[in-house]
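All remarks here apply to the structure that follows.
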Amino acid sequence: MILDSRTMFHGKSHGHSVRHLIGIGLLSMVAASGVAATLCVNPAGKFGCKSSISAAVAAASPGDTIQVAQGTYKEQVVITKSLSLVAQNGWQQPTIDATGLSNGIFVNGMSAAPNAGVADVLISGLKIRNANFEGILVVNATDVTIVGNDVVDNNKSLDIADSECPGMPAFETNEGDDCGEGIHLMAVDHSSVVRNESEHNSGGILITDETGPNHDNLISGNSVHDNPFDCGITIASHGPATTVIPTATISFGVTRITVAHNDVERNGFQVPGAGAGVGIFAPFPGTTAAQNVVIDNYLHNNGLPGVTMHNHAAAPAPAPPVNMNDNVIVDNRISGNGEDTLDAATSGPTGINLFSMAPVTGTVISQNVFDDETIDVAFNAPRGQINLHLNDFETTGIGVDNIGTGSVNATDNWWNCPTGPGGKRCATVVGPGVVFTPWLTSPFDNDHHGH
């Protein structure tokens, strides 16, 4: 599926009518092909319909569509074939209540690991809540569309005091402190998560690589808010799931993920350092989180910096290298976020923090608007360079804080006054290796992206 991200509406969840129009439109395209059957579900099992979604999934052939009527369905839905699962037109969303169960919806393609084992799945217009782990979990799949759903109050098994998630499946690594979050894509490619609302889970949307490479996915137009214990949107390279892949395999990487036009607010606030607006993580040798794009998002009042990028271990030979290179952060509005903590600590509330114990190259930070931050951009790496151009630093604090020994090319930015860094009411530069001349003498973006 190819989507022009600029055509996606930027904003919060826009109600049931939009979700049902999305579902009906996609359903009409399927029906027009003349090859797919339509099954129906309602709680009473009337009119030839199934009384549970799982029963309809079991009865469906690949390519079929399942329409779900209003009501509450107390079940976990497991999908292992191509199908469309959509809400029937109506005012109230159908609800999957997964109380006491692992997931609300599990798209399971692991039977063909490490290659995608299921493809062409649509999930639209549902409310998914109360699962022990993820509301929606997709593993080893391609061309999955998750659109117009509400994913709320999942991750019920999380024991945040001990950073554990009892009963978590063995193929999910590095997730003891979040239970997989609201929506989780693992080893997924060419898929879209669009116009969903993810709230009051431990974290919002998670993209990882435990069972295979994760690449070429779009996360767009979602409202991700009030998830207290982790990031709003996380792009993370994790350790391999040796229960389902060969033990010799290191990690596959998370690459070419586009995070566009999302509202990401008040995530990771429950405990200090719990989570960022958008997190990009390649934490240890052999991990890759590279070539990802974070564009035109509103990142506001999150517990860690608005965009937080971490690597916590260098990779001296013969250890496999870390790759956290060539990420692009462009055209975002970033304000009111928290400071970073522990080894990646910053000295105050921070817009973007890139911390790495390994060299970092190719990072581009451009056309962003920062306000209500003590530090707009912090960089801490032993070598490498980040490139900052055409940003608006709307603060009298620190525009750029270079904490490490890498370098920063910070020419052609607005420093909150026409006289440049250090002038009256201007943002400042802290640390060595920062080039900031010439600078802009007026803001690059007076409209603040229309937020």
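All of the numbers you see were taken from the coordinates with simple rules; none came from a lab. Since the structure is predicted, the reported quantities are computational estimates derived from the model, not experimental observations. Glycine gets a Cβ as well: all are built from the backbone with ideal geometry, and neighbour counts include every protein chain shown.
What the table below lists for this structure:
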| quantity | calculated |
| --- | --- |
| With 20 Å bins from 0: P(r) over the stretch 5-450, alpha-carbon pairs, percent | 27, 54, 18, 1 |
| Ascending count of other beta-carbon atoms within 10 Å, so fewest first, for Leu126, Leu101 | Leu101, Leu126 |
| Cysteines without a disulfide-compatible neighbour (Cβ-Cβ under 4.7 Å), the chain | Cys231 |
| Inter-label distance, nm, simple model (7 Å from Cα along the C-beta direction), Lys424/Ala314 | 4.6 nm |
| Per-residue [θ]222 nm for the chain (sum of -39500 (n - 2.57) over DSSP H runs n ≥ 4, rounded to 500) | -1500 deg cm²/dmol |
| Angle in degrees between helix 16-32 and the longest Cα principal axis of the chain, rounded to the nearest 10 | 60 degrees |
| Full-stretch length increase - Ser347, Thr374 - with 0.36 nm per residue and alpha-carbon distance subtracted | 8.9 nm |
| Proxy reagent accessibility, fewest Cβ within 10 Å first, across Trp439, Trp414 | Trp439, Trp414 |
| Net length gained if the chain between Gln70 and Thr396 were fully extended (0.36 nm per residue, minus Cα distance) | 112.1 nm |
| Per-residue Cβ neighbour rank within 10 angstrom, fewest leading, Met324, Met110 | Met110, Met324 |
| Among Val377, Gly348, Val188 the positive-end extreme of the charge dipole of the stretch 5-450 (Cβ point charges) | Val188 |
| Mean-position separation - Cα centroids, the stretch 71-150 and the stretch 197-224, in angstrom | 14 Å |
| Hz values of 3J(HN,Hα) by residue in the stretch 199-204 - Karplus curve (6.51, -1.76, 1.60), Gly and Pro given as x | 8, 6, 8, 5, x, x |
| In Hz, Karplus ³J(HN,Hα) per residue of the stretch 131-148 (6.51, -1.76, 1.60; θ = phi - 60°; x = Gly, Pro) | 6, 5, 10, 6, x, 10, 10, 10, 10, 6, 8, 9, 6, 9, 10, 10, 9, x |
| Formal net charge of residues neighbouring Ser54 (Cβ-Cβ distance under 12 Å; K, R +1; D, E -1) | +1 |
| Proximal lysines relative to Lys74, as straight alpha-carbon distance under 18 Å, when same-chain residues fewer than 8 apart are discounted | Lys46, Lys50, Lys127, Lys156 |
